[in-house]
Structures are given as C-alpha cells and as structure tokens.
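What follows is a set of notes on a single structure, which appears directly below.
The values are calculated or read from the model by the stated rules, or taken from the named source; none is laboratory data. All values derive from a computational prediction rather than experimental measurement. Neighbour counts run over all protein chains shown; Cβ positions are idealised from the backbone, glycine included. Protein only, heavy atoms only, side chains kept; ligands, DNA and RNA dropped before computing areas. Shrake-Rupley method; radii C 1.70, N 1.55, O 1.52, S 1.80 Å.
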Amino acid sequence: MDDIIKRNPLRSLIIAILIAVFLWLVFAPWPPELVAKWGRKQIFLNALLGGITLGALYFLVAAGFTLIFGLMRVVNLAHGSLFLLGGYLGYEISSLTGSWFIAFPVVFLVVGLLGLLMQRFIFSKMEGEELRQTLVSIGISIVLADLMLWLWGGQSYSILAPGFLTGPMELPIINSINASTGATNWLRYPAVRVWILIAAIVIGVAMWLVLNRTALGMLIRAGVDDREMLAASGVRIQLVFLAVFGFGAGLAGMAGIIGGTFQSLSPGEDTRFLLASLVVVIVGGMGSIVGAAIGSLIIGVTEQMGFVYAPTYSVVFTFLIMAAVLAFRPQGLLGARR
Amino acid sequence: MNAPVTPPRPVALGQSHVSAGNALELRGITKMFGALAAISDVTLSVRPGERRAVLGSNGAGKTTLFNCITGDFLPTTGLIRFFGEDVTTFPPHERIRRGLRRTYQISSLFAGLSVIDNVYLACRGVSRNRFSLIRPRRDDALVHAAETLVEAVHLTAEKDRLVGELAYGQQRQLEIALALSGAPRFILFDEPAAGLSPTERRDLVSILTTLPTHIGYIIIEHDMDVALRVVESVTMMHNGRIFKEGRPEEIEDDPEVQELYLGGGHE
Amino acid sequence: MAMTDQAPRFVNRADQKLWFERIPAPWWALAVVLVFLPVVANSFWLFQVMGWTFILGMIGLSLMFLAGYGGMVSLLQMTVAGVAGYMVAILGTSGTVTVSLGLVWWIVIPAAFLIAALFATISGALAVRTEGIYTIMITLAIAAAFFYFTRQNYTIFNGYSGFNLVLPPQLFGVNWREPVPFYYLSLVLAALSYGAVVYVSRSPFGLALQGVRDNPRRMAALGFNVTAHRVAAYALASVFASAGGILLVWQNAQIAPGTIGMSAAIDVLVVAVVGGMRRPLGPFIGAFIYVLLQVFSPDILGFFGFSAERFKLIIGLGFLAVVLFSPDGVLGLWDRWRARRRQQGGQAGGGVA
Ligand SMILES: Nc1ncnc2c1ncn2[C@@H]1O[C@H](COP(=O)(O)OP(=O)(O)OP(=O)(O)O)[C@@H](O)[C@H]1O
Ligand SMILES: [Mg+2]
C-alpha cells in the first residue's frame, strides 16, 4: 500500500481528495449553494443508495456469469433467461405457499438443476468450441424467452416482500438539518433494499471465502488460471464444472426473486440483466469475483446517478465507462491478461 | 545461477561497440516468464551482412531471443537496435517493414491458402497498398515476385496447392520463402533444417550460401554440420545466457562446448 | 476460432475464359428468376417477402464478412444499419418535424453512410482490443447501449416513438416505395453488396483479412498491422449494413428503438448462422428462410393449434438445431450433400455444375 502511494504520489493524492469529497457529500449536511445547484441532498443520497442496491443485484447475477466464464470459458448468454425464470418461479412459489423465503431454496434448486442439465448435456459436449457454445446459449435464450412469454404473458409481475421488509428504515446518515429547530433529519430508506445489499455482501464474502479458503475454491481458482494443468492433474474436473455451473445458475435464479421483489418482472428483463452482467464483467474483469463486485458497484451507481441527473443520456455514462476500460485496460479492472 | 558470465567479446570478430554500424544490437535483454528467466542479460551485436549461428541445448532460450528481436514478446529489460534505430518497443510489423524477417521453428503458415497466396501475402506485407480493395492483375509486380520466390524454394509445381496439403519438408521450404519476401536486410532462421531430408538439407544450404552478401542472418540450428557451414561466427547459449562466442572452428574444438552442448543435445 | 474457409485462390487463376463464361449455369437461372419475378409475383411477395429478404441478407452479409473472413462475430451490424437508418430520418424528412433537418437526399444518404461507418469504426476499435469470444460480448454490449440510448433520448432520436413517414426521395419521378421499384432497388443493392464481398475477398485486403483470421501472429511477422486490418474490416462491413439499414427505414417508412433492439441484433446472427457464415450467399439464404418462416408461421402454427406468437420458438429451436447439428448452416449441409453425390456418381460421370 505504502509502495503504491510512493510510486504514484499524484494519482494517490487525487484519489484521496475524491474519497474525501465523496464522504463529505454523503455525511455532511449540504450548504444551500450546493442544494441550489444539485437539488436536495435527499435526491443525491437516494440515487447513490439506489445505485449501490442495484449494483448488489447486478453482482448476484454477474457473479455466476463471470465464474462460469472464468472456469469453463463458456459465455452463457442464456444467463439473463435464468434470472427471469427464477423470478417467475419465485413469484409462483411465494404466491402459492405464501412464503417469500421458501421460494429461495426451491428456485435455487430448480434453476440450478436447469444449469446443470445445460452444462451436462450441451456445453460439455462441445468443450473448447467457444463460438458454438455461445451460439447455443443464444438459441437457448431465444427458446426460454418465448416459453416464458407463453406461460406468463407480457404483463409485469411484482413479488410481495414479507412484512418486516416493507416500509422504510432509518439510516445513520444526515439527510438535512431543520434550520429553525436544529433537529437532525436522518435518511429514511426502504428496508427491503438495505436487506438486499446486506444479502449481496454476505453472499459475495461467502463466495470469496469459499474460493480463497477452501480446497474446492483452490481447485476452482487453479482451473481458472490453468485449465490444462487441472485437467492433467487427474481431478474430476467435470464434477467441478457441474458444481460451478449449477451454483451460478441457481444464484442467477435467486437474484430473479430479489429483482422481482424490489423491481418487477416482465419480458425483456432477461436481456437487461444479461447486458448488465456483460458490462459488469467487461469492466470488472472476466472470471474475477472481486472484479464483478467492483464492476457491479460502478455500473449500478453510474446508472442511477445518470437516471437522476441526466435522464436522457444516462446510458451514455455506462457506455463511456465500458469504453474507457476497454481502451486502457482491455482485460478489465481486475482481470488477468490472457 | 550466474555461473557463466558473458565473456569479453572475442577480438577476432573485430567487433567494436559502436552502435551505428551494427545490423542488430542487443543490450542486456532479459525476458521473464513469471519467475523463469527464459533469457537473462543477453548482449549481442551483429554486423550488416554477418551470418551467425546461435547454438544451445533445448530450452536455452534461443527461440525466446528471436521472439524478443521480432517483437512477438516485449523483453522485460534491455534495449534492441536494428540498423541503429531503437526498436525495443516497436510492434512486430514495424520491425518487419524495416527489413527484419524470420522463420518459425514450428511452421506457421496459412493452411487454408495456396502456396502462391502465402508468398503473395508475404510480399504484400512489406510493400504498399496492404489495404487495397483492387484484385491484383496477372502482370502485377508482386505476383511476379511471389512466383520467383516460389521457384527459388523449388515449389513451382505445387504453387496452386493448399498449404495444408503439402509435405512437411515443403512447408519448411515455404517458411523460408516467406522470410525472403520483399527486401530483407536481416533474417532470423529458427531451426530451418529440422526434419528435412538430406536432399532438402542440401537445398537449404545452397539457398543460405547464395543469399546476396548484404543480407545477414542468425540461424538457430541443432545440426552442427549445417550450422557451421553457413556461418562465420557462433554464439553459444545455455540457461538463457550467452557463454561463448567465436568462429566456427574455435567453437567446434572448445571442450566446454563439446561437453555442454553435445551432452545436452543427446540427453 | 475454427472458421477456416477454403479461401479462394486468387493469384493467377488458371482459367482464361471471359468473366461471364465463368459464372455457372445455376447462377444465370437464379438471375433470370429474380429479374423476372415481378411478372408473376404479387406485391406482397415483392415488397414484404423479397424486399425484407434482401435487406436482412445485406445486414447478415456484413456480419458474414466480419465473421467468415475476419473471424470476428459481431452483434453490432443491426445497430450499424440502425445508425444509417436513423441518420436518414434525422437528417432528411420525417413526420417528426421538430427533430428532422429536412436536408436534400444527396447530402442525407452519403452522410448516413459516413456516420454509420464512423460509428462502426469506433465500435470496432473498441471491440478489437480483445479477441475471440470477447468480440460477441463487447459488440452486444455496445449494441445494447445504443438501443437504450435511442429509447431514452428525445432530443436526437425522439425516444420510444422514433420517426415515422420517412420516405425515399422521388428520384426520376419514381415512387421507390411502390412494390416493383422497391423490389428492383433492393435487388440491385443486394446484388452489388454480394458482388463487392466476393470481389473484395480476393483482393489484397480481403486475403490479408483471412490471414489475420487464421494466424494473426504470423501476419504481424509478415509486416501487417493486424489491429488496423480488423478495424478496417468493421468500416468496410458497415457499408453493406448501412445500405440495408437505409432500405429498411424506407420499407417500413419508420424507425424506432424496436428496429434495432436486442432481438433484431440476434436475428441477424440467426440469419447468418442458419444460412452459413463461410460464404457470402449464406446470409441471403438464411434471410429467405427466416422471412418465409415469419410470413407463414401463423398458418403453420395455427394448423397445429398454436398461436401465431410462437414464431420465435420455432426460430429458436431451428437455430439450436442448426448450431448443434450443422454448424456451417444450410450451405454446409448442401456442400456435404454435393460431396457425397460426387463420390457416389464418380464413375457415372454425372457432375453437377
Ligand atoms: N510463452 C512462454 N511462456 C512461458 N514460458 C516460455 C514461453 N516460451 C518459452 N518459455 C520457456 O522459456 C524457456 C526457453 O524456451 P525457448 O523456446 O526459447 O528455448 P529454445 O532454446 O528455443 O529451445 P528448443 O531448442 O527446444 O527450441 C523454456 O524453459 C520454455 O519453457
Ligand atoms: Mg526453439
């Protein structure tokens, strides 16, 4: 760390200043001039938090995508369909059983199984043929999209969150200070979003721990770095592949429930989340979980900030970030050069 | 690790360290693959028109040295000059356009194209109008150049066949034709004789010895008979370092070389 | 990418025949059919079926050029077509007078080609920063970004509703949106695009592009700037896509974000893969199959008791079948069938042209 600061004093200084400004923007009450210029602090904070939550959701989808690519070199363009399918199934299960929670394990198993089947009967048959695998995944996504349209129609669905998740929750962030009474006005924010964020962090940390602290994780990481060596070492690599594919698919399915709870489900959401995953892993770096986390955060916050402050150009910001990464660091922020 | 220190350059080669006069000059080239130093601290200069062999056992770093010279790899440290120009960070195509050529140890050709198209591409690569959308006419100068080269490596009879269908030896010949395209000033041959029949070897030696005298080259060759017949100087490499330089006859008689190189070659 | 093509050998072709003698008889037959089709076909066939086939085929052709010769599977070609189409609407005349500039056609059309080429070049320059399978992902992401941008931006692209009443210029007093003139217009442009791709594939640039596809490292060691060739391929391919895009906006008389959405981008890929990405004819065959399916699927599906909406299911399953069982598409099937026949009929001497 010291080393990095010594080597790039200017860059480190700029980053430090940016962080300080950012922290001030978040925690200090805004002076009136700033409010006049940017609107109320509430708007900024909401956009920021909304972006972080959205990033959390993106992470849940992209984590599986990046892991599958990193290990198997399969670009699974049906990943967004798994997300949407998970959402629809979660809707059915939670309205059938009346329990939001029961939907998670069921969807994880069902969608995970679908992923397993795809890997077992299709992708593993054409290992090494990257283009063909990708084309197949496109075909699967077309078919799944139409099947889902058939079954669930074109309308949009929302999954009801359980009671304790509804309603707002106070965060230890000053929203504004009442000028006359001097009373502090704390930021209130929908509880469900806070919990999504917490869940994503827990899952992310758990994934990181599994990858970095367990024997299975070592195996997976070794596979990401050098597949031939792993295959030659006699490990039953196909089982590892299956496990990772099933887990990534199941995770995308569960993300569908979350997406359906705090946004909504409709045809087209599959492509939206596929693209979000693509951009996230292009920015973060293919095959890196930490990269996916950072990429998700950047893309989520950028998207929300864009929507709030430049609604008709917000996509441009996301695109520019992707373009800048490709131009200066084509392997992604945390990706290894291949 | 640092056992054989680079010896002082033999005076016999009459080589001063003045850079301007050299075709190729390497200073302190090191290439790391992770923790492995494929070549370390290689310093070498070759005069224009000079013909030199690089010898060394398997894994000595000879091919890696070529890759650094052509720019396929950027060296981890060091400096490369080509006819006085610092080309250390140039992309490969810029070096080729300045007159550098190479062949590959493992033939690297366009299997789906015909022999003549392969050579035509090589000629086109070092000429202008690489982006031309106009098909060449039959009397195109480059087509003629390509045909001449095909003839030079005795492949005229095969010129319309797909390269993928050629015999191994013929593919090696074609590699050489590609390296002779345009106006080469300096060529790197990576084991051109490997796998050739005795007749093909003789052809190869005659091509090498009849090259115009201003064209210098470095040849990597395990076959001492071929190597020492077509060069005037020899560089010995071991474990990524140069440990001996001299005239062919000096090298041939050197006991250390005999032990290390021939020993390594027979393992 | 395993897309090695038996590239045409172009240097010194042995035949001394005149150019028209070298064109085999089936091609002449096809040309005659296409030229005289308006005599027999009704306007629905001319305008909807054939017009749409040519348009989709041209956009697919630009993908085939990049993928088949350059090894770069780009999902960007529909977007490039859309950029050209949008430019025609924005710079020319449309029902949205607040945005459209109303310039004359001989400024509008070249400008549309230029801007689309610029867009393709910049996007291509980004896409070639990485190789192989990354190309699909990056081009898909760029295509999506442009789609969402047109949808949310009203000042330039008029958002959701896009532009309508975009009509071709009344050149030579002809209404080019009439079925017969439109048929011939799209036929000529498609034939020109096809011919251009065939011609260029054997030019120095085309040959070098195939070299870059097969062995980029060797190409660099022959003095070629590999990156520049790839980017240039994107620029050149944009010409065919743009021509298709301009025809498309004239045929529909409108353009909106839906025209260039993700499913449209995927459709272009489907068309090229189903037809066969190794030869320029492939995309046109794929487009013809696709359009026929689309036009007749309501009847077929209705016959089996399904709703007409299940068209996409058929497309998806058909696409899967092609990718799984005949990766070279319909043309690949045809080649294999011919090879088998030639083997069998070897002694009989019955050669097909
Ligand atoms: N791309 C690479 N990545 C990692 N290691 C490499 C790479 N290329 C070469 N090496 C290593 O560098 C060392 C030198 O290899 P090099 O190919 O230069 O040897 P060489 O002298 O040409 O041997 P040979 O006579 O077998 O051709 C070897 O240990 C080899 O494994
Ligand atoms: Mg070697």
Span per principal axis, largest first, for the Cα atoms of the stretch A:200-338 (Å): 54, 37, 25
With a Förster radius of 60 Å, plug the Cβ-Cβ distance of B:Asn129 and A:Phe101 into 1/(1 + (r/R0)^6) and report the FRET value to the nearest 0.05. 0.30
Can you pull the one-decimal nm distance between simple spin-label points at A:Asn8 and B:Ala111, each 7 Å off the Cα toward Cβ? 4.3 nm
Answer rounded, prolate or oblate for the protein assembly as shown, using the Cα gyration tensor with square roots of eigenvalues a ≥ b ≥ c: rounded when a/c is under 1.5, else prolate when a/b is larger than b/c, else oblate. oblate
Taking the stretch A:48-140 as the region of interest, what is the percent of Cα-Cα pairs per 5 angstrom bin, listed from the shortest bin to the one with the maximum distance? 3, 13, 19, 21, 17, 13, 9, 4, 1
Average partner coverage of C:263-273, which counts Cβ from other chains inside 10 Å: 2
Quick one: check the C-alpha center-to-center distance for the stretch C:21-82 versus the stretch C:105-154, whole angstrom. 22 Å
Tell me the mean residue ellipticity at 222 nm calculated for chain A from its helices only (DSSP H runs of n ≥ 4, each -39500 (n - 2.57), averaged over every residue, nearest 500). -24500 deg cm²/dmol
Work out the mean other chain Cβ neighbour count within 10 Å for the residues of B:133-146 and drop it here as an integer. 3
Could you state, as a whole-number percent, how many of the C-alpha pairs of the stretch C:40-110 are farther apart than 17 Å? 61 percent
Taking beta carbons within 10 Å but only from partner chains, what does the mean come to for residues C:225-234? 2
Points 7 angstrom from Cα along the Cβ direction at A:Val35 and B:Thr213: gap in nanometres? 9.1 nm
Mean separation of Cα pairs under 8 Å and 6+ residues apart, divided by the residue count of the stretch A:50-328: what relative contact order is that in percent? 40 percent
Counting helices only, and only those DSSP H runs with n ≥ 4, report the 222 nm mean residue ellipticity of chain B as the sum of -39,500 (n - 2.57) divided by its residues, in deg cm²/dmol to the nearest 500. -8000 deg cm²/dmol
Ranking request for peptides B:144-155, A:44-55: highest mean number of other beta-carbon atoms within 10 Å first, then the rest in descending order. A:44-55, B:144-155
In nm, spacing of pseudo-spin labels at B:His222 and A:Arg213 (7 Å Cα→C-beta vector): 5.1 nm
If every Lys and Arg gets +1 and every Asp and Glu gets -1 at its Cβ, then about the Cα centre chain C yields a dipole, in debye to the nearest 20, of 900 debye
Compactness of the stretch B:26-139 - radius of gyration and Dmax, Cα, Å: 16.7, 54
Would you calculate the convex hull of the Cα atoms in the stretch A:234-306 and tell me its volume per residue in Å³? 105 Å³
Can you compute the FRET efficiency between A:Ala222 and A:Ile201 using 1/(1 + (r/R0)^6), with r the Cβ-Cβ distance and R0 = 30 Å? Round to the nearest 0.05. 0.70
Tell me the Kirkwood hydrodynamic radius of chain C in angstroms, computed as one over the mean inverse distance between distinct C-alpha pairs. 21.3 Å
At a 10 angstrom cut-off on C-beta neighbours, averaged per residue, how do the peptides C:138-147, C:259-268 rank from highest to lowest? C:138-147, C:259-268
How big is chain A by the Kirkwood estimate over distinct Cα pairs, in Å? 21.4 Å
With an 8 Å cut-off on Cα pairs and a minimum separation of 6 or more residues, tell me the relative contact order of the stretch C:47-273 in percent. 42 percent
Relative contact order of the stretch B:109-183, pairs being alpha-carbon contacts under 8 Å that are 6 or more residues apart, as %: 52 percent
Please find, in a Gaussian network model of chain A (springs between Cα atoms separated by less than 10 Å), the residue of A:Phe247, A:Phe164, A:Phe104 whose mean-square fluctuation is greatest. A:Phe164
Pull out a ≥ b ≥ c, the square roots of the eigenvalues of the alpha-carbon gyration tensor of the stretch C:14-161, then state rounded if a/c is under 1.5, prolate if not and a/b is larger than b/c, and oblate in the remaining case. oblate
Once the Cβ-Cβ distance between C:Ala29 and C:Asp299 is put in as r, and R0 is 41 Å, what FRET efficiency do you end up with, to the nearest 0.05? 0.90
Magnitude of the Cβ-charge dipole (Lys and Arg +1, Asp and Glu -1) of chain A about the Cα centre, nearest 20 debye, reported as 520 debye
Any idea of the accessible area per residue across the protein assembly as shown, 1.4 Å probe, to the nearest Å²? 43 Å²
Before we go on, tell me the buried accessible area for the A/C pair, both chains summed, 1.4 Å probe, in Å² to the nearest 100. 3600 Å²
Direction-averaged shadow area of the convex hull around the Cα atoms of the stretch B:74-186, nm²? 8.1 nm²
Helix-derived [θ] at 222 nm for chain C: sum -39500 (n - 2.57) over DSSP H runs of at least 4, divide by residue count, nearest 500? -21000 deg cm²/dmol
Whole-number D in µm² s⁻¹ for chain B, Kirkwood Cα-pair radius fed into Stokes-Einstein, 10 °C, 1.306 mPa s: 83 µm²/s
